[in-house]
Amino acid sequence: MELTRFAVIGHPIGHTMSPFIHARLFALSGLSPAYTVMDVPDLEAQLPALRALSGFNITIPHKSAILPLLDDVDEKAALFGSVNTVKNEGGRMTGYTTDGVGCKKALARYGLDFSGRLLILGRGGAARAVAFEAALSTPAPRIDFACRAESMDKAEKLTDELSALCGRLGKPGDFRVLSYTALACGGDRYDLVLNTTSVGMYPNAGKSVVDEAVLARCGAAFDAVYNPGRTEFLRRAQALGLPAVGGMGMLVCQAVAAHEIWYGARFEDEDIERLIRDAEAETARLFRA
C-alpha cells in the first residue's frame with residue numbers, strides 16, 4: 001500500500017503532539033503523507049475509514065478495544081494486551097505496541113536500562129507496558145510497584161502475570177506491590193524509579209507522586225509525563241544529583257518505532273535528539289502561550 005494517509009485515533013482526543021512528531025519523522029525519511037487527528041467514539045463504526053489509512057496510532061481508550069477488530073496482532077502486543085500502532089498492508093491491519101520499547105530506547109539515550117532493581121510508580125497501562133518490556137529485556141527482572149491502597153489488588157494481578165511470563169521464559173523474577181505509605185516508610189534502594197502516573201502533568205504541574213526521601217534511595221529517575229518537560233518529580237531528582245529522563249524522549253522513541261514498523265525507517269541519533277528538544281519547545285509554546 002502506498003504511504004499516503006496516517007492518523008492518531010482516540011476519544012476524546014484534544015491537542016496531541018503526534019502530528020508534530022510524525023511529520024518531522026516523515027520529513028527526515030523524505031516522505032510527506034497526511035497525518036491527521038481522528039476523534040473515534042465508536043471503533044467498529046469507523047473500521048472502513050481506518051482500513052483506508054496506511055497506518056495509525058492509538059491512544060486512550062482504544063488500545064485494548066482495538067485488539068479483536070484487527071486481522072493480526074504482533075506477539076508482544078498480544079502479550080501486553082495493548083496496541084498503539086497499526087500497519088495496514090493491502091487492507092489487512094496488524095497491531096503492534098511501541099510503548100515499552102519507547103521507554104527502553106529513551107532510557108538508552110542516557111545510558112540507562114532496566115537492569116537492577118526497579119521501582120515503578122503506578123499500575124496502569126503505562127506501568128504495564130514498561131514492566132513487561134523490562135521483564136522481556138532483562139535476565140532476572142526485579143520490580144517493585146507502588147500505588148494507592150485501593151489499587152493494590154490490580155497491581156497484584158499485574159505481578160501475577162509477570163511471574164507467569166518469567167516462568168514460561170525460564171527466568172527468575174522478583175515482583176512486589178507496595179502502598180505509597182509503605183514505600184515512604186521503607187528503606188529499600190532502587191537503581192531506577194519510573195513514574196508512570198499522570199501526577200505532575202499540565203495543568204496540575206508542581207506536584208510529585210513521591211518526595212525527596214524516596215528519590216534519595218534511587219539511582220536514576222524517569223517520568224513518563226512530557227508536559228511540562230521538567231516536572232516536579234524530575235526537578236526533585238535533579239536536585240539530588242540523579243540522572244533524570246523526561247517523557248518526551250519516550251513519546252518520540254515510540255513514534256520512531258512506529259515508523260520502523262510502517263516502512264522500515266532508520267534515523268540518525270542526532271536527528272532524534274534534535275526532535276526531542278524541538279518537541280519539548282513546541283509543547284511549552286502551545287501550553288504556555
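For the reader, a short list of remarks on this structure follows.
- Meeting the requirement of 3 or more residues that are closer than 30 Å to Leu178 by Cβ and of a type outside the set (S, T, N, Q), the helices (runs of 4 or more DSSP H) wholly within region 40-135 are 75-80, 99-108.
- Residue satisfying all of: in region 169-184; closer than 20 Å to Ala134 by Cα and touching a strand residue (DSSP E or B) at 6+ places or on another chain (Cβ under 6 Å); surrounded by the most Cβ atoms within 10 Å (Cβ to Cβ) among these: Phe175
- Test: residue in region 186-197 that is farther than 27 Å from Arg142 by Cα, modelled with pLDDT under 95, in contact with a strand residue (DSSP E or B) (Cβ under 9 Å, 6 or more places away or on another chain) and not acidic (Asp, Glu): no
- Annotation: Gly90 fulfils all but one of (1) at negative phi; (2) in the same structural domain as Gly264 (by TED's automatic domain parsing); the unmet one is (1).
Matching residues to (1) surrounded by 15 or more Cβ atoms within 10 Å (Cβ to Cβ); (2) out of contact with any Leu (no Cβ under 9 Å at 6 or more places or on another chain):
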site	(1), (2)
Val130	yes, no
Leu136	yes, no
Pro141	yes, no
Ala146	yes, no
Glu150	no, yes
Ala164	no, yes
Gly167	no, yes
Gly186	no, no
Val193	yes, no
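- Within region 222-262, tally of residues that are without any contact (Cβ under 8 Å) to a residue 40 or more places away in the chain, in contact with a Phe, Trp or Tyr (Cβ under 7 Å, 6 or more places away or on another chain) and in a strand (DSSP E or B): 1
The values are calculated or read from the model by the stated rules, or taken from the named source; none is laboratory data. Computed from a predicted structure; not experimentally measured. Note that we place each Cβ from the backbone using ideal geometry, even for glycine, and neighbour counts take in every protein chain shown.
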